[in-house]
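See below for the structure under consideration.
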Amino acid sequence: MNAPQRASACESLRRLGGRWLPPVVQAAADLLLPPACNFCGRSLERPGSQPLICMECRDAFLAQIGPSCPRCAAPVHPFEVGPDCPRCRKRRYAFHSALALGIYRERLREAVIRMKQRLHEPLTISMGHLLAESMSEAIQQERPDLLVAIPTFWLKRLRRGVNGPDLLAEAIGSTLSIRTARRLLYCRRSTKKQGTLLPVERLRNVRNAFGVRKSYDLADCRVMLVDDIMTTGATASEAARTLRRAGASRVTVLVVARGVGADQRGLGH
Ligand SMILES: [Zn+2]
Ligand SMILES: [Zn+2]
């Protein structure tokens, strides 16, 4: 059994344990399949508790946290922190602010690429817990009433399995006790992969791509949109526009990685 398969088996046992089995059985499960880092596969010194990421990987992921633009989450020089930055000054976003764990590069880039695959669902869950733990203050300052994941078109979801941003949102919600609404936002149609398009085409590609299910009342609701990566912000902005038209009073974006360079090609949102 390779590392991702073992992580996947551990996660299944853990989920089963969390819902149905007493802690003693969970401890036995941990003995049977000792938890390992969901990124590098190294055994964990303190098994059993999320995020299941070793100290070395954790340090590498968190090393990127630095001053960022409050509007678009792009990194900025400590002396240049203001209400916006050169990257977003000329852009119109429907969301009010954005937060990111780090920049889409090095180990965080590798993690985001893996999170697109079904085999690495345990990594996605662990990254959600890490994001919530390390950015709890900034997230709580936004006082979100609801976490909403950026949805995937149903056909794509069927092919891929679970939608990664849903897993991220649930992990963040369970860590910080914030409600998640899995089916509130939905994709009305299939869209082209944003990373293959020019910035101006990206806006057109996602225009009117989302809908809000009528059973939800979003009046005066503060929503936090969750995704794995944000590059131009076109997808997040369209999702935010849809939520605000449905009554949301404030929409913030929370992502694992902010794509700001050439490394983002092929994956951008
Ligand atoms: Zn590791
Ligand atoms: Zn900015």
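The values are calculated or read from the model by the stated rules, or taken from the named source; none is laboratory data. Predicted model only: the values in this text are computed from it and were never measured. All Cβ positions, glycine included, derive from the backbone under ideal geometry; neighbour counts span all protein chains shown.
Checking each residue in the range 39-54 for being farther than 15 Å from LEU131 by Cβ and near ligand 1 (Cβ under 8 Å from one of its atoms) picks out CYS40, GLY41, ARG42, CYS54. With the condition kept exactly as written, say whether any residue in the range 83-98 is in contact (Cβ under 8 Å) with a residue 12 or more places away in the chain and over 18 Å from VAL255 (Cβ atoms). Yes, there is a match, as at least one residue in the range 83-98 is in contact (Cβ under 8 Å) with a residue 12 or more places away in the chain and over 18 Å from VAL255 (Cβ atoms). Screening the candidates ALA111, ALA100, ALA36, ALA74 for the property of being within 17 Å of GLY261 (Cα to Cα), touching a strand residue (DSSP E or B) at 6+ places or on another chain (Cβ under 8 Å) and within 15 Å of ligand 1 (Cβ to nearest atom) yields one hit, ALA111. One residue stands out among those in the range 77-97 that are of a type in the set (Phe, Trp, Tyr) and under 14 Å from ARG258 (Cβ atoms): the one that is farthest from ligand 2 (Cβ to nearest atom), which is PHE95.
If you filter the range 125-151 down to residues that are under 13 Å from the mean Cα position of the chain (by Cα) and in a loop (DSSP other than H, G, I, E, B), you find that the one that is surrounded by the most Cβ atoms within 10 Å (Cβ to Cβ) is ILE150.
The residues listed here are ARG245, ARG222; of these, the one that is among the charged types (D, E, K, R) and in contact with a Lys or Arg (Cβ under 6 Å, 6 or more places away or on another chain) is ARG222.
Residues in the range 42-76 that are assigned to a loop (DSSP other than H, G, I, E, B) and within 16 Å of ligand 2 (Cβ to nearest atom): GLY66, PRO67, CYS69, PRO70, ARG71, CYS72, ALA73, ALA74, VAL76. Taking the range 231-261 as the range and being at pLDDT below 95, of a type in the set (A, V, I, L, M) and buried (at least 24 other Cβ atoms within 10 Å of the Cβ) as the test, only ALA234 passes.
With the condition kept exactly as written, say whether any residue in the range 202-220 is surrounded by 13 or more Cβ atoms within 10 Å (Cβ to Cβ), of a type in the set (Gly, Ala, Ser), modelled with pLDDT under 85 and in the same structural domain as GLY164 (by TED's automatic domain parsing). No. Here is a list of conditions, (1) without any contact (Cβ under 8 Å) to a residue 40 or more places away in the chain; (2) more than 28 Å from PRO75 (Cα to Cα); (3) in contact with a Ser or Thr (Cβ under 8 Å, 6 or more places away or on another chain), and VAL206 meets all of them except one; can you say which number that is? It is condition (2) that VAL206 fails.
For the subset of the range 57-69 comprising residues that are buried (at least 19 other Cβ atoms within 10 Å of the Cβ) and of a type outside the set (S, T, N, Q), which member is nearest to ligand 1 (Cβ to nearest atom)?
Only one residue fits best here, namely CYS57.
Once the range 77-97 is narrowed to residues that are aromatic (Phe, Trp, Tyr) and at pLDDT 90 or above, the residue that is nearest to ligand 1 (Cβ to nearest atom) is PHE95.
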